[in-house]
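Visitor: Below you will find the structure I want to go over with you.
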Amino acid sequence: VAAAGAAGIGKLSSKWPIRSVSVVYIEMFRGTSLLVQLYWIFFVLPLFGITLPNFTAGYISVGLNIGAYGAEIVRGAIESVPRGQWEAGTALSMPHGVRMRRIILPQALAIMLPPWGNLLIELLKGTALVSLISVADLMFQTRQINASTYLSAQAFGTALIIYYILARFLITPMMRWAERLVARRLGRA
């Protein structure tokens, strides 16, 4: 979340090196497939002398991909805070950092929470791809069970139900609670 926030804020920066690095990162990881990124990090980087363990390669590839989408959520939320709020901070002679921390970011947080909930569900689903490089996640275990029992419908059906339960009964309620908490703190509840 912090890296996504930094990249999202970096894309809004007036300093071109910071903005350029953020734009390249966001466009590169949003514009290519997570599966290709995973394979590239796991299979191609060793050709350049960078060999990563399976789990680390999976963690980095999923993190960079989801982080790029998160950066765009942060950028969009900051830009959607009404101009009057920015101007109010300026009228109070607040330095840019203080204005961001005390006025803009709290309001942007309320705007970005619903899309972050969706992004967390995408993250959960995206982790299934790491089984392709032998990371022992839910799908890896499901494939192992299927290979030894040949009960495809039961094994993959169970995985489907587990993913649904995690998304519907863990992530969704957690994000709704966070949305209510932020709305209360901003006086919008």
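Visitor: Assuming 1.002 mPa s and 20 °C, estimate D for the stretch 1-82 with Stokes-Einstein, Rh taken as the Kirkwood radius over Cα pairs, in µm²/s.
Guide: 160 µm²/s
Visitor: State the Kirkwood hydrodynamic radius of the chain in Å, one decimal place, computed from all pairs of distinct Cα atoms. Could you put the intermediate results ahead of the total?
Guide: On the way: mean 1/r = 0.0530 Å⁻¹.
Hydrodynamic radius (Kirkwood, Cα pairs) of the chain is 18.9 Å.
Visitor: With +1 on each Lys and Arg Cβ and -1 on each Asp and Glu Cβ, how big is the dipole of the chain about its Cα centre, in debye rounded to the nearest 20? Walk me through the numbers before you get to the answer.
Guide: On the way: 17 positive and 7 negative charges, 142 e Å.
Charge dipole of the chain: 680 debye, to the nearest 20.
Visitor: Run through every distinct alpha carbon pair of the stretch 89-145 and return the Kirkwood hydrodynamic radius in angstroms, one decimal place.
Guide: Here the Kirkwood hydrodynamic radius works out to 14.5 Å.
Visitor: How far, in nm, would the chain grow between Met94 and Glu27 when pulled straight, counting 0.36 nm per residue and subtracting the alpha carbon separation?
Guide: Length gained, Met94 through Glu27: 20.9 nm.
Visitor: Using r as the Cβ-Cβ distance of Arg101 and Phe55, and R0 as 30 Å, what FRET efficiency do you calculate, to the nearest 0.05?
Guide: In this case the efficiency is close to 0.30.
Visitor: Within the stretch 51-150, list the chymotrypsin sites (Phe, Trp or Tyr not before Pro) lying in a DSSP loop whose Cβ has at most 14 other Cβ atoms in a 10 Å radius.
Guide: Sparse-neighbourhood loop chymotrypsin sites (Phe, Trp or Tyr not before Pro): Tyr150.
Visitor: Please arrange Met174, Met94 by accessible surface area, largest first, computed with a 1.4 Å probe and ligands excluded.
Guide: These residues rank, largest area first, as Met174, Met94.
Visitor: Run the quick spin-label model on Leu124 and Ala2: label points 7 Å from Cα toward the beta carbon, then report their separation in nm to one decimal.
Guide: Spacing of the two 7 Å Cα→Cβ label points: 2.6 nm.
Visitor: Right, next: State which stretch of the chain is the longest one without any exposed trypsin sites (Lys or Arg not before Pro), exposure meaning a DSSP loop state and at most 15 other Cβ atoms within 10 Å. Could you put the intermediate results ahead of the total?
Guide: On the way: sites that count: Lys15, Arg188.
Segment 16-187 is the longest.
Visitor: Do you know the relative contact order of the chain, to the nearest whole percent, from alpha carbon pairs under 8 angstrom that are 6+ apart?
Guide: Once normalised by length, the contact order is 21 percent.
Visitor: Could you point to the residue in Thr32, Ile18, Met139 farthest towards the positive end of the chain's charge dipole, with +1 and -1 charges on the Cβ of Lys/Arg and Asp/Glu respectively?
Guide: Ile18
Visitor: What is the Cα coordinate range of the stretch 118-189 on the first, second and third principal axes, sorted by size from largest, in whole angstrom?
Guide: 56, 23, 13
Visitor: Accessible area of the stretch 99-171 with a 1.4 Å probe: how many percent of it is carbon plus sulfur? Mind showing how you got there, number by number?
Guide: Numbers: 2860 of 4200 Å².
After summing per-atom areas, the C and S share lands at 68 percent.
Visitor: Another question, if that's okay. Accessible area per residue for the stretch 58-189 in Å², computed with a 1.4 Å probe and the full protein assembly in place, what is it?
Guide: That works out to 58 Å² for each residue.
Visitor: Can you give the local net charge around Gly8? Use residues other than it whose beta-carbon is closer than 14 angstrom to its beta-carbon, Lys and Arg +1, Asp and Glu -1.
Guide: Working: positive: Lys11, Arg19, Arg30, Arg75; negative: Glu27, Glu72, Glu79.
So the surrounding residues net to +1.
The values are calculated or read from the model by the stated rules, or taken from the named source; none is laboratory data. What you are looking at is a predicted structure, and each value in this text was computed from that prediction instead of being measured. Cβ atoms come from the backbone with ideal geometry, glycine included; neighbour counts cover every protein chain shown. Side chains are part of the model used for accessible areas, which takes the heavy atoms of the whole protein and leaves out ligands, DNA and RNA. Shrake-Rupley method; radii C 1.70, N 1.55, O 1.52, S 1.80 Å.
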